[in-house]
1. Which condition from (1) out of contact with any helix residue (DSSP H, G or I) (no Cβ under 7 Å at 6 or more places or on another chain); (2) among the hydrophobic types (A, V, I, L, M, F, W, C); (3) surrounded by 14 or more Cβ atoms within 10 Å (Cβ to Cβ); (4) closer than 24 Å to I124 by Cα is the one that V83 breaks?
2. Name the residues in segment 51-80 that are in a helix (DSSP H, G or I) and open to solvent by 50 Å² or more (accessible area, probe 1.4 Å), would you?
3. Of these, G147, G231, G138, which one is in contact with an Asp or Glu (Cβ under 7 Å, 6 or more places away or on another chain), at positive phi and open to solvent by 10 Å² or more (accessible area, probe 1.4 Å)?
4. Working carefully through the options I192, I114, find the one that is in contact with a helix residue (DSSP H, G or I) (Cβ under 6 Å, 6 or more places away or on another chain), β-branched (V, I, T) and in contact (Cβ under 8 Å) with a residue 24 or more places away in the chain.
5. Which residues, taken from segment 38-88, are of a type in the set (D, E, K, R), farther than 24 Å from C25 by Cβ and more than 18 Å from the chain's Cα centre (by Cα)?
6. Within segment 1-29, which residues are more than 13 Å from H199 (Cα to Cα) and among the hydroxyl-bearing types (S, T, Y)?
7. Yes or no: L191 outside any helix (DSSP H, G or I) and on the phi < 0 side of the Ramachandran plot?
8. When you look at L185, is it in a helix (DSSP H, G or I), open to solvent by 30 Å² or more (accessible area, probe 1.4 Å), of a type outside the set (S, T, N, Q) and out of contact with any Phe, Trp or Tyr (no Cβ under 8 Å at 6 or more places or on another chain), yes or no?
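The values are calculated or read from the model by the stated rules, or taken from the named source; none is laboratory data. Only a predicted model underlies this, so the values are computations on that prediction, with no experimental measurement involved. Reconstructed Cβ throughout: ideal geometry from the backbone, glycine too, with neighbour counts over all protein chains shown. Note: areas computed on protein heavy atoms with side chains; ligands, DNA, RNA excluded. Shrake-Rupley method; radii C 1.70, N 1.55, O 1.52, S 1.80 Å.
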Amino acid sequence: MKVSVSMYSLSSTIKKEKWSILDFCHFAHSIGLESVELLDFYWTDEQKERPEVMKCLDELGMTVCCYDVSNDFVKQTQQERDVQIRKVKNAIDTAVALKTNVVRVFCGDVKDGISFEDGKSWIIEGLAESAVYAEQQGVILAIENHGLLAGKSDQVKEILTAVQSPNVKSTFDTGNFLLVEDDPLKGLQKLIDQVGHVHFKDFRKKQPGEQNKGFTSITGQEWIGVVPGDGEVDVKGIIQELKKSGYDGWLSVEYEGFDDAKSSVKEAVSRLHHYVNEQEVTG
């Protein structure tokens, strides 16, 4: 297993310092990383920027470990859902151009006027059609556990089983399970054979009197993003479980806290390298 970082981890810095994708890549290189995770909404002109990004990564000796698409299959009309399928297929093409074989995908979330059953059905249909193209291109579509329709490990498992494609797997997001009251380690044990990518994220419970607006769980608990190891996620236990399973993919830091993003990401990367390199990981 190797450690990477999602560009989303630096969202506050990107906004404040007006970073480009190239700036992010140089930062990742400066903290000793060999690969990065890029997202579709950070392009300003993809056709112009993509060759520049590839040239930069080649010069730095880096790769793209995963490309993220911000799709949503839970749309009311077939026309809208077709747009989302095309969005995923376009992301597959971008991933191939970036020389990565993993695309992080979303499923979609609940919306007024759409039942759980309809939403789940459209998610499965959208993924199944997208998977045909992914198989042709040799790309893995890795579902991130996110929201109320695909947030719990059982929901992700059900969707993966229904889609029935070897090219549709899980982006196992360690922190998001807390938002749906699902234990991350137990969730991993359910999905262990279907993990295609990992987001390492951690949260702590919001303390009384704190002013920052956290992420609210399905029970109303607010969670604050922290460096992995400072919150409720059993980081060492998860890494141990991944090691036991033989997972050899990437662990991508996804920091969503309020502290300085650059220093927090640097610390997160250092910790994950330490945990991964330990000869024996204990809970």
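1. It is condition (3) that V83 fails.
2. Across segment 51-80, the qualifying residues are P51, E52, K55, D58, E59, Q78, Q79, E80.
3. Numbers: G231 fails: at positive phi; G138 fails: in contact with an Asp or Glu (Cβ under 7 Å, 6 or more places away or on another chain).
Matching residue, one of G147, G231, G138: G147.
4. Values: I114 fails: in contact with a helix residue (DSSP H, G or I) (Cβ under 6 Å, 6 or more places away or on another chain).
Residue meeting the stated conditions: I192.
5. K75, E80, R81, D82, R86
6. We begin by selecting, within segment 1-29, every residue more than 13 Å from H199 (Cα to Cα); these are 10-29.
Matches in segment 1-29: S11, S12, T13, S20.
7. Numbers: outside any helix (DSSP H, G or I): no; on the phi < 0 side of the Ramachandran plot: yes.
Judged against the criteria, L191 is not a match.
8. Values: in a helix (DSSP H, G or I): yes; open to solvent by 30 Å² or more (accessible area, probe 1.4 Å): yes; of a type outside the set (S, T, N, Q): yes; out of contact with any Phe, Trp or Tyr (no Cβ under 8 Å at 6 or more places or on another chain): yes.
Judged against the criteria, L185 is a match.
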